[in-house]
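Contents: one structure, followed by commentary.
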Amino acid sequence: MAIQDNNWLYSLLRYYVDYTFEMAYSDVEYHGTENIPHDGAVIFAPNHTNALMDALAVLIVDHKPTVFVARADIFKRPFFAKLLTFFKIMPIMRMRDGRDNLKKNDDIMEKAVEVLKSGVPFCIMAEGTHRMRHGLLPLVKGIFRIALMADRQIAGAMPVYIVPMGIEYGSYVRFGSSLFLQTGEPINVTDFVREHSGMEQPELIMALRAELSERMKSLIFCVDDDENYDAVVDLAYLRNRSVQRDMGFKNNSPRERMLANRRTVEDVERWKSEQPEEWTKLLSAAREFAALRREHKISDETLYDKARWGRVMKRCFMMVVSLLYFLYAAIVTAPVTVLSEIMCSRLEDKAFCNSFRYVIVLVLSPIVWILLAVLYAQWLPWFGVISALVLTFPAHVFVHIYAKWFRLVKSSVRFLRNGRLRSLLSDIDGCLSKLR
């Protein structure tokens, strides 16, 4: 079977994968799916910040199979190579794999074109590597070479499209955060080539690269200022709720939070040119605030949350009320949770944390449920077994919700007790009042 061919087992497992993936996030929001073309060959081009989770986010845009590429080194072991192929993932060589190995990408690109010819979407992370930052790395050339090769071989039978996607997470490393994926206007590569018929392939690649980069940046919270990155991000978080109100938003949805953060980036650029003296004061306070916040391990969510003692007490009350269920949930999910956290603690690249957590939950949760059902059946009547399993089903999610409450209480108390941070926040608010 070719990698794009339909497989009944793959199709069956997709329902389980899609369902459990959405359970991994407290809030999942998709926009712009109507922009996905249905009359040609489609190449998805998402940003890449969160390892496997990015691919899964693209996968559930619709239930159709999608073929992906991943770095070749994870295909070295035959078992993993077969497993990844089953999940419709192909290897691709990178410069770090050696110049000689890069020649193998020609065969990979031919296979990618065959996927596109068959009408199956193909997805490639256009940045070539992942980075846990709100921004966009320079795009690699591979996606454009595939698109141009496909356009030549399809030869007018159908158009070839590159579809930009922007993925935003509430947290890159926390299980149960939010997810927002926005699909932008596709680039019709066939029309693009026709309109630029005088260009050679290197020029076409550069022009397509610039166009796709701009479209992708328009879909995400993008901070291009590497020098002041932490300061700008913290300003966006601190202003988020007030900017949402100014923009007429009321739901505090992932999309609304992203758009409010984008507005702050635009405002910072405007202040820099229009009011440089006040902008310099603001940036100085924001830099110190960002450095001190990270030093004291105060979470991003505390800034969004605008920590107040009243909210701290409310969370403490919720934790007390739900303590018994949390203890039960922690016990029955311990094999999954403990293994997940041990694995994550050993990872050098924390972008893989949620990917490891998800895979462990995907594989071990059904086993845990079956074992618990057998155990409960020894002691309880059938309706008791069903009741116990109903209580067990949301246990893993609740453990992470409870952990989030606990983490936010600790973070908020640290913030509220830190006089210097609160003083800097007052300075920032003072600067912002002059920069309207």
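Tell me, yes or no, whether segment 22-42 has at least one residue that is closer than 19 Å to PHE356 by Cα and part of a helix (DSSP H, G or I).
Checked against the condition, which is being closer than 19 Å to PHE356 by Cα and part of a helix (DSSP H, G or I), segment 22-42 yields at least one hit.
What number goes with the only condition from (1) under 20 Å from TYR172 (Cβ atoms); (2) buried (at least 18 other Cβ atoms within 10 Å of the Cβ); (3) of a type in the set (A, V, I, L, M) that VAL359 does not pass?
So the condition that VAL359 fails would be (2).
Out of (1) closer than 30 Å to TYR304 by Cα; (2) buried (at least 18 other Cβ atoms within 10 Å of the Cβ); (3) without any contact (Cβ under 8 Å) to a residue 60 or more places away in the chain, the odd one out for VAL140 is which?
(1)
Looking at segment 284-310, which of its residues are touching a residue at least 40 places away in the same chain (Cβ under 8 Å), closer than 15 Å to ASN228 by Cβ and open to solvent by 20 Å² or more (accessible area, probe 1.4 Å)?
ARG287, GLU288, ALA291, ARG294
Taking segment 402-426 only, how many residues are open to solvent by 70 Å² or more (accessible area, probe 1.4 Å) and in contact (Cβ under 8 Å) with a residue 12 or more places away in the chain?
Here the count works out to 4.
Quick one: which residue in LYS281, LYS350 is within 23 Å of TYR25 (Cα to Cα), open to solvent by 70 Å² or more (accessible area, probe 1.4 Å) and of a type in the set (D, E, K, R)?
The match here is LYS350.
Can you tell me which condition SER11 does not meet? The list is (1) touching a strand residue (DSSP E or B) at 6+ places or on another chain (Cβ under 9 Å); (2) among the polar types (S, T, N, Q); (3) farther than 14 Å from ILE124 by Cα, and all the others hold.
Status for SER11: all satisfied but (1).
Can you pull out the residues in segment 121-177 that are touching a Ser or Thr at 6+ places or on another chain (Cβ under 9 Å) and in a helix (DSSP H, G or I)?
Hits for segment 121-177 are ASP151, ILE154.
Show the residue pairs that are 6+ apart or on different chains and have beta-carbon atoms under 6 Å apart, the first residue being within segment 69-91 and under 18 Å from VAL58 (Cβ atoms) and open to solvent by 70 Å² or more (accessible area, probe 1.4 Å), the second being among the aliphatic types (A, V, I, L, M) and at pLDDT 85 or above.
As it stands, the answer is none, since no pair meets every condition given.
Which number in (1) within 20 Å of the chain's Cα centre (by Cα); (2) assigned to a helix (DSSP H, G or I) marks the one condition that LEU83 misses?
(1)
Find all pairs meeting these conditions: Cβ atoms under 6 angstrom apart; at least six residues apart or on different chains; first residue within segment 1-16 and under 16 Å from LYS111 (Cα atoms); second residue not in a loop (DSSP other than H, G, I, E, B).
Pairs that qualify, where the first residue is under 16 Å from LYS111 (Cα atoms) and the partner is not in a loop (DSSP other than H, G, I, E, B), are ILE3/VAL67; GLN4/VAL67; GLN4/VAL115.
Taking the residues in segment 209-226 that are open to solvent by 40 Å² or more (accessible area, probe 1.4 Å) and either among the hydroxyl-bearing types (Ser, Thr, Tyr) or under 24 Å from ARG436 (Cα atoms) (or both) as candidates, determine which candidate is modelled with the highest pLDDT.
It comes out as SER218.
Looking for something within 19 Å of the chain's Cα centre (by Cα) and surrounded by 15 or more Cβ atoms within 10 Å (Cβ to Cβ) - is there at least one such residue anywhere in segment 188-208?
Checked against the condition, which is being within 19 Å of the chain's Cα centre (by Cα) and surrounded by 15 or more Cβ atoms within 10 Å (Cβ to Cβ), segment 188-208 yields no hits at all.
Could you go through segment 8-28 and let me know if any residue there is loosely packed, with under 11 Cβ neighbours inside 10 Å and not aromatic (Phe, Trp, Tyr).
Yes, some residue in segment 8-28 is loosely packed, with under 11 Cβ neighbours inside 10 Å and not aromatic (Phe, Trp, Tyr).
The values are calculated or read from the model by the stated rules, or taken from the named source; none is laboratory data. Not measured: the values here are computed from a predicted model. Reconstructed Cβ throughout: ideal geometry from the backbone, glycine too, with neighbour counts over all protein chains shown. Just so you know, the surface numbers come from the protein's heavy atoms only, side chains and all, with ligands and any DNA or RNA stripped out. Shrake-Rupley method; radii C 1.70, N 1.55, O 1.52, S 1.80 Å.
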